Amino acid sequence: MTDIVLALIIPFLLMVVVTRVAFSVIGASIVTWMVCLVVLPVQSWIVGIIAFISFVIGFFVSKERLKKKPGM
């Protein structure tokens, strides 16, 4: 159960926060997946799918946020 909660929260928050610090969506994507691979033990395919969906949502939110207000 905690794997599913972590898969929902971690990719989204990392994308938004790291994009604000790194000023780059691509750099934030790389950092997000590096952290997710270490933190999220993908034991079932459903956790991986949920993490990917959360990442995609975070990607679009951070891309729009970067356009509106770039940088810290």
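Computed from the coordinates by the stated procedures, all read-outs in this text should not be read as laboratory data. Everything quoted here is computed from the prediction, not taken from an experiment. For neighbour counting, all protein chains shown are included, and Cβ atoms are generated from backbone atoms with ideal geometry for every residue, glycine included.
Residue pairs, Cβ under 8 Å, 6 or more apart or interchain, first in region 34-55 and within 17 Å of V17 (Cα to Cα), second polar (S, T, N, Q). List them.
F55/S29; F55/T32
Of the residues that sit in region 23-72 and are polar (S, T, N, Q) and within 9 Å of the chain's Cα centre (by Cα), which one is nearest to M1 (Cα to Cα)?
Looking at the filtered set, the residue picked out is S54.
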